[in-house]
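Undergrad: Mind having a look at this structure? Questions to follow.
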Amino acid sequence: MDSAPLLQVEDLRVEFATADGAVEAVSGVNFAVAANQTVAVVGESGSGKSVTALAVLQLLDGGRISGGRVLWEDRDLAGMDRAGMRRIRGNDIAMIFQDPMTSLDPLYTVGHQIVEAIRLHRKVSKRAARERAVELLEQVGIPDPRSRVDAYPHQLSGGQRQRVMIAIAIACSPRLLIADEPTTALDVTIEAQVLELLRNLQREYETALLLVTHDVGVVAEMADWVVVFYAGQVVEQGPTAQVLGDPRHPYTAALLAAVPSPTTDKALPLAAIGGAVPGLRDMPSGCRFHPRCSRAWDDCTHTEPALYALPGGRQSRCLLQHPDRSPADETAGELAGTAGRESA
Ligand SMILES: Nc1ncnc2c1ncn2[C@@H]1O[C@H](COP(=O)(O)OP(=O)(O)OP(=O)(O)O)[C@@H](O)[C@H]1O
Ligand SMILES: [Mg+2]
């Protein structure tokens, strides 16, 4: 990474209390976001992407941070009080949620909601804030912003509502924007426009972007750095081109193999990853991916891999990347693994 990180998530753990006791949804996650950088978090449904994003801003509903740190510059957001978090949220770090309908208030005009967001953090008159709201709507590509500023959310299209959410998020020029699946509710053309908008805003404001997605195509297009989640852990991370071009974890490789490419015959079934993400109550021993892994061998069933450092700042949580492992071990291991599966 070129510059010192703005956000540093260290060994983050998140627990939810349930009727049957606590469950851990995030189990020791590490990653960082530098100024002006786009970091993508990718992984299957239920892998802990949203919980991690919400934990950063202490927006967990019913959950708690049970371990680790969330460093914002020199402060730990994980231990910060409500008043402190209110000063950070929307001001230093803003979030765009997946579904704009649940985060915009249907009872107020979009202009009112943008004005509120501005006045929460900036001492400006209502009038000045309203002018700024019109400017912001224009900037995010809402046509005729001077009249749309008085529209209610239901009077706008889905794509326009997502643009309003982005306008609210950038209203106080945050240094980090967290976008959790910002385009999944939108059709492909609008998705491309919203991503383009995020990219332009980022260039203009030099905002760092933490982009949660399950779309590898979006990762390739947007991110400098990619963090791959599996079952509440980071299994691989590194510069996007390197990770996508030469994955060092079998899960990343499987995820990439499952992506339809323009050259793939649409009639052919995709190489979907067999099996399902394990439930929070029945995490496999050893490597959490081993039951679905085509390269697993005996060790993988009982040895929990660490996040091993690889050249170029990359990391992989796979025993194949264990620093003490020699290529000879790998051959032996894989043979054992293959034999094991065939006899199973
Ligand atoms: N409030 C909650 N109470 C209990 N468990 C929860 C709660 N919120 C999330 N979880 C669990 O935490 C795990 C991670 O959920 P999370 O929403 O982070 O997944 P995700 O990676 O964002 O998935 P998706 O791609 O579907 O958005 C899941 O097993 C989920 O069921
Ligand atoms: Mg999610």
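Bear in mind these aren't lab numbers, they're just calculated from the coordinates by the rules spelled out. Given the structure is predicted, the values throughout are model-derived calculations rather than measurements. Cβ: placed from backbone, ideal geometry, glycine included. Neighbour counts: every protein chain shown.
Undergrad: Once Rh for region 5-229 is found with the Kirkwood sum over Cα pairs, what is the Stokes-Einstein diffusion coefficient at 4 °C and 1.567 mPa s, in µm²/s? Provide the component values of the computation, followed by the final result.
TA: Working: Rh = 17.9 Å.
Result for D is 72 µm²/s.
Undergrad: Expressed as a rounded percentage, what relative contact order does region 1-141 have, with Cα pairs under 8 Å and six or more residues apart?
TA: Numbers: 169 pairs, mean separation 28.9, N = 141.
21 percent.
Undergrad: Using R₀ = 30 Å, calculate the FRET efficiency as 1/(1 + (r/R₀)^6) where r is the Cβ-Cβ separation of Gln193 and Arg122; round to 0.05.
TA: 0.60
Undergrad: Another question, then. Under a plain spin-label model, where a point goes 7 Å from the Cα along Cα-to-Cβ, how far apart in nm are Met80 and Asp99?
TA: Each label point is offset 7 Å from its Cα along the Cβ direction, giving 2.8 nm.
Undergrad: So what's the gap between the Cα centers of region 71-117 and region 1-60, to the nearest angstrom?
TA: So the separation of the two Cα centres works out to 17 Å.
Undergrad: Taking only C-alpha pairs under 8 Å that are 6+ residues apart, what is the relative contact order of region 84-200 in percent? Walk me through the numbers before you get to the answer.
TA: Values: 160 pairs, mean separation 46.8, N = 117.
Computed over region 84-200, the figure is 40 percent.
Undergrad: Under the rule of -39500 (n - 2.57) per DSSP H run of 4 or more residues, summed and divided by the residues of the chain, what mean residue ellipticity at 222 nm is obtained, to the nearest 500 deg cm²/dmol? Intermediate results must be reported in sequence, preceding the final value.
TA: Numbers: 13 runs with 123 residues, N = 344.
The helix contribution divided over the chain gives -10500 deg cm²/dmol.
Undergrad: Projecting each Cα onto the charge dipole of the chain (Lys/Arg +1, Asp/Glu -1 at the beta carbon, about the Cα centre), which of Ala167, Leu307, Gly46 comes out farthest on the positive side?
TA: Of the listed residues, the answer is Ala167.
Undergrad: Something else now. Can you order the peptides 50-62, 119-131, 191-203 by their average number of other Cβ atoms within 10 Å per residue, highest first?
TA: On the way: 50-62: 18.7, 119-131: 13.8, 191-203: 17.0.
By packing density, highest mean first, the sequence is 50-62, 191-203, 119-131.
Undergrad: Report, in degrees rounded to the nearest 10, the 0 to 90 angle that the Cα long axis of helix 327-343 makes with the longest principal axis of the chain.
TA: So the helix axis and the longest Cα principal axis differ by about 90 degrees.
Undergrad: May I ask which residue of Gln321, Thr102, Val9 lies farthest towards the positive end of the charge dipole of the chain, with charges of +1 (Lys, Arg) and -1 (Asp, Glu) on Cβ and the Cα centre as origin?
TA: Of the candidates, Thr102 comes out farthest on the positive side.
Undergrad: Mind checking the dipole of the chain: about its Cα centre, +1 per Lys or Arg Cβ, -1 per Asp or Glu Cβ, Debye to the nearest 20?
TA: Working: 33 positive and 43 negative charges, 256 e Å.
The dipole of the chain has a size of about 1220 debye.
Undergrad: Could the peptides 310-320, 139-149 be put in order, highest first, of the mean number of other beta-carbon atoms found within 10 Å of their residues?
TA: Values: 310-320: 18.7, 139-149: 16.5.
The densest-packed peptide leads the list: 310-320, 139-149.
Undergrad: Which whole-angstrom value gives the distance between the alpha carbon centres of region 228-243 and region 145-205?
TA: 27
Undergrad: May I pose another question? Per 0.36 nm of contour for each residue apart, how much would the distance between Asp11 and Arg87 grow if the chain were fully extended, relative to their Cα-Cα spacing? Intermediate values should be presented prior to the final figure.
TA: Working: separation 76, 0.36 × 76 = 27.36 nm, distance 2.44 nm.
Here the answer is 24.9 nm.
Undergrad: When you count, for each residue, the other Cβ atoms within 10 Å and take the mean per peptide, how do 216-224, 174-182 rank with the highest first?
TA: Numbers: 216-224: 19.0, 174-182: 23.0.
Result, highest mean first: 174-182, 216-224.
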